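Worksheet: the structure to be examined is printed underneath.
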Amino acid sequence: MSNIKKAFENGKAFIAFITCGDPDLETTGKAVREAAKNGADLIELGIPFSDPTAEGPVIQGANIRALAGGITTDKIFEFVKDLRKDVDVPMVFMTYANVVFSYGIERFVKTCKEIGMDGLILPDIAFEEKEEFSETCDKYCIDFISLIAPTSRQRIAMIAKEASGFLYIVSSLGVTGARSEINTDLASMVELVRENTDIPCAIGFGISTPQQAKKMADISDGAIVGSAIVKLLEKYGKEAPKYIGEYVKSMKDGMSNNSVPVELGA
Amino acid sequence: MSTDKKGRFGIHGGQYIPETLMNAVIELEEAYEHYKNDPEFNRELTELLDEYAGRPSRLYYAEKMTKDLGGAKIYLKREDLNHTGSHKINNVLGQALLAKKMGKTRLIAETGAGQHGVATATAAALMGMECVVFMGEEDTKRQALNVYRMRLLGSEVIPVTSGTATLKDAVSEAMREWTTRIDDTHYCLGSVMGPHPFPTIVRDFQAVISRESRAQILEKEGRLPDAIVACVGGGSNAIGSFYHYINDEGVKLIGCEAAGRGIDTFETAATVNTGKLGIFHGMKSYFCQDEYGQIAPVYSISAGLDYPGVGPEHAHLHDIHRAEYVPVTDDEAVDAFEYLSRTEGIIPAIESAHAVAHAIKLAPTMSKDQIIIVTISGRGDKDCAAIARYRGEDINE
């Protein structure tokens, strides 16, 4: 059991995704600190991949910018080691299978443990192939995070029973990126999860406004936001961290606020 | 070659895909397992292949080429004579029929050179299905004629601008589209790649090439060939050309990879020769990549071979030394493109010209009583403008 459970001890969890190295690691560091200071309960750090097949255009763009800037897995490991000197919020890596596989699964996961990461999310690894990665994660007490999608149906119980850390519920079909509406029957998915596991579950994909985050948090244990944050980095570059701080605060407040939240300028 | 339950070829293959797609590939596998043994399905498919696509394709004795090279006897398996001009139609008719039986009404596909896109657009027109083809923007320029053909056939062509704007990005975009719309949509993958069951399904539908050539060569020569030569991008025409000879140890199987400007340069797409083991586009196999697993921006003059990976069954045949994978450069392929046109009056696709180029090297090293079968996977009309440009001549298409 890693620190991930702590992320769910402070009301509904707000989970923020940030691509490492977009536009540079110094900005990533500031963005993580701002997000943590303003209420993010868990940070997903994206290790860029050349061909991120689960991402929409916004996060694809961040991956390309970061790689063009010369970011590598080793540089990110050094960065996290340094970040951990003053940042204690739970953190997980989100990347693609080949980034971990090519580094050497054991070498990658062992380093994750040494630098103070808590978990690993690989969106291109489903239940059938997870053992190759999750066994090593178990060995080093790194939570290998499982995902559930709107198409999972009868697979939910099987996935939930073996889930670790928290369950990542994909809100809708398609790739990452803001959506005006989310129509999946998420409540019944969460219900199926609850019948099969005690670990928390959070909903991601398509969430950008405090209203959406609150709606998701009301039926689950938290909300995951990526593209909306990455968009701020795309727009403000090195100046983005303070805007990310404000945004995270509005989201975390919105999630715990029981009165009707004020619509932010989209 | 048998596959276990997760669709493995040795250590290669598998199902490395987002959870969103898992039920779709499970549903596809179940449908395929059912229909592949269904006599009615097979009767319909055979009728389409024979009456519509024009099978069986010829096994042609290239006498002038044989005499010119002065070595082994060369036969050409003429997939270029199929309807739509390439081997791609074999797989597409199978998958479109399967999709229709599964109740799907829409096909999506990726395409590199445009041959698979044209074949899919053709099958969609024939079967009354909607069709969307993803094609790298770079390739839409290299293969403008095929873009027009797809649109003429009623398909939508979406130019892909992400990444290197070539075949790998078209595959990524088709996968993204499939996660967005699954219920009515079948992803008609064009090569022996991607997650299980695609490498097996596409292989089985392309195996018609070697099923025919084996019977044809036995009839013409009374013996099996000494070598089979085919080009390899993802590897669908090659696996189709190899499949029914895999257990015949005396038959050498040779895949020709696109070396681009050479395997000692970064401008290459020769995956087996320059890549390493990785996980991408749903499969474990060999990929051109850097030390951190970032997929390399590969290059070849041939849009159809311009892919950083290779099908998992080829990776396995390489591991067990059953097949050999040789690099062929742009220069060699263009020379072969011109050579076959001049010598036999057959203009091969630039992809197939990679196989011809290797046969030109190989034949003189063999004796006159030996036999090589070269698969001409497609015809070269689509490449004429690009080859003219390569030779410094600008022609209007």
Subject >> Every pair of residues 6+ apart whose Cβ atoms lie under 8 Å, when the first sits in segment B:180-207 and is within 19 Å of B:Pro308 (Cα to Cα) while the second is at pLDDT 95 or above and of a type in the set (Asp, Glu) >> reply: B:Leu189/B:Glu110; B:Gly190/B:Glu110; B:Val192/B:Glu313; B:His196/B:Glu29; B:Pro199/B:Glu313
**OP:** Return the total of residues in segment B:289-304 being within 12 Å of chain A (Cβ to nearest Cβ), assigned to a loop (DSSP other than H, G, I, E, B) and open to solvent by 10 Å² or more (accessible area, probe 1.4 Å).
**Re:** 7
**OP:** Might you check whether a residue that is part of a loop (DSSP other than H, G, I, E, B), free of Cβ contacts under 8 Å to residues at least 60 places away in the same chain and within 14 Å of chain B (Cβ to nearest Cβ) occurs anywhere in segment A:89-103?
**Re:** yes
Subject >> Residues (surrounded by 20 or more Cβ atoms within 10 Å (Cβ to Cβ) and within 13 Å of chain A (Cβ to nearest Cβ)) located in segment B:141-161 >> reply: B:Val160
Original post:
Pick from A:Ile169, A:Ile199: which is assigned to a loop (DSSP other than H, G, I, E, B) and β-branched (Val, Ile, Thr)?
Top reply: A:Ile199
Original post:
Scanning segment A:115-155 for residues that are free of Cβ contacts under 8 Å to residues at least 24 places away in the same chain, part of a helix (DSSP H, G or I) and more than 7 Å from chain B (Cβ to nearest Cβ), which turns out nearest to B:Ser285 (Cα to Cα)?
Top reply: A:Glu131
Subject >> Yes/no for B:Ala336 being over 23 Å from B:Phe9 (Cβ atoms), part of a loop (DSSP other than H, G, I, E, B) and not charged (D, E, K, R) >> reply: no
Subject >> Yes/no for A:Ala160 being open to solvent by 10 Å² or more (accessible area, probe 1.4 Å) and more than 10 Å from chain B (Cβ to nearest Cβ) >> reply: no
Subject >> In segment B:267-288, residue most open to solvent (accessible area, probe 1.4 Å) [restricted to those that are in a loop (DSSP other than H, G, I, E, B) and away from chain A (no Cβ under 14 Å)] >> reply: B:Glu267
**OP:** Check segment B:162-169 and report whether any residue there is among the basic types (Lys, Arg), touching a residue at least 12 places away in the same chain (Cβ under 8 Å), within 14 Å of chain A (Cβ to nearest Cβ) and surrounded by fewer than 20 Cβ atoms within 10 Å (Cβ to Cβ).
**Re:** no
Subject >> Residue check for B:Leu93: open to solvent by 20 Å² or more (accessible area, probe 1.4 Å) and either over 19 Å from the mean Cα position of the chain (by Cα) or among the hydrophobic types (A, V, I, L, M, F, W, C) (or both) >> reply: no
Original post:
Does A:Thr176 meet the test of being more than 28 Å from A:Pro23 (Cα to Cα), within 14 Å of chain B (Cβ to nearest Cβ) and part of a loop (DSSP other than H, G, I, E, B)?
Top reply: no
**OP:** Determine, yes or no, whether A:Ile64 is closer than 30 Å to B:Thr179 by Cα, among the β-branched types (Val, Ile, Thr), free of Cβ contacts under 8 Å to residues at least 24 places away in the same chain and within 14 Å of another protein chain (Cβ to nearest Cβ).
**Re:** yes
Subject >> Test result for A:Arg107, crowded, with 20+ Cβ neighbours inside 10 Å, in a helix (DSSP H, G or I) and of a type in the set (D, E, K, R) >> reply: no
Original post:
Any idea which of B:Gly112, B:Gly103, B:Gly117 is more than 21 Å from the chain's Cα centre (by Cα) and closer than 23 Å to B:Thr180 by Cα?
Top reply: B:Gly103
Subject >> Residue satisfying condition, being away from every other protein chain (no Cβ under 14 Å) and in a loop (DSSP other than H, G, I, E, B), within set A:Asp86, A:Asp82 >> reply: A:Asp86
**OP:** Could you please give the count of residues in segment B:1-54 that are part of a helix (DSSP H, G or I), open to solvent by less than 20 Å² (accessible area, probe 1.4 Å), out of contact with any Ser or Thr (no Cβ under 9 Å at 6 or more places or on another chain) and within 14 Å of chain A (Cβ to nearest Cβ)?
**Re:** 2
Original post:
Are any residues in segment A:54-75 crowded, with 23+ Cβ neighbours inside 10 Å and part of a loop (DSSP other than H, G, I, E, B), and if so, which ones?
Top reply: A:Ala54, A:Glu55, A:Ile71
Subject >> Complete set of residues in segment B:305-330 that are surrounded by fewer than 24 Cβ atoms within 10 Å (Cβ to Cβ) and touching a helix residue (DSSP H, G or I) at 6+ places or on another chain (Cβ under 7 Å) >> reply: B:His318, B:Tyr325, B:Val326, B:Pro327
Original post:
Is it fair to say A:Pro23 is at pLDDT 95 or above, open to solvent by less than 20 Å² (accessible area, probe 1.4 Å) and either within 11 Å of chain B (Cβ to nearest Cβ) or not in a helix (DSSP H, G or I) (or both)?
Top reply: no
Original post:
Can you name the number of the only condition in (1) modelled with pLDDT under 95; (2) farther than 30 Å from A:Ile64 by Cβ that B:Tyr299 fails?
Top reply: (2)
Original post:
Within segment A:187-213, which residues are touching a residue at least 60 places away in the same chain (Cβ under 8 Å) and open to solvent by less than 10 Å² (accessible area, probe 1.4 Å)?
Top reply: A:Ala202, A:Gly204, A:Ala213
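The values are calculated or read from the model by the stated rules, or taken from the named source; none is laboratory data. On a predicted model such as this, the values are computed, not experimentally measured, just so you know. Because the Cβ atoms are built from the backbone with ideal geometry, glycine has one as well, and the counts that use them run over all protein chains shown. All accessible areas refer to the heavy atoms of the entire protein, side chains included, with ligands and DNA or RNA removed. Shrake-Rupley method; radii C 1.70, N 1.55, O 1.52, S 1.80 Å.
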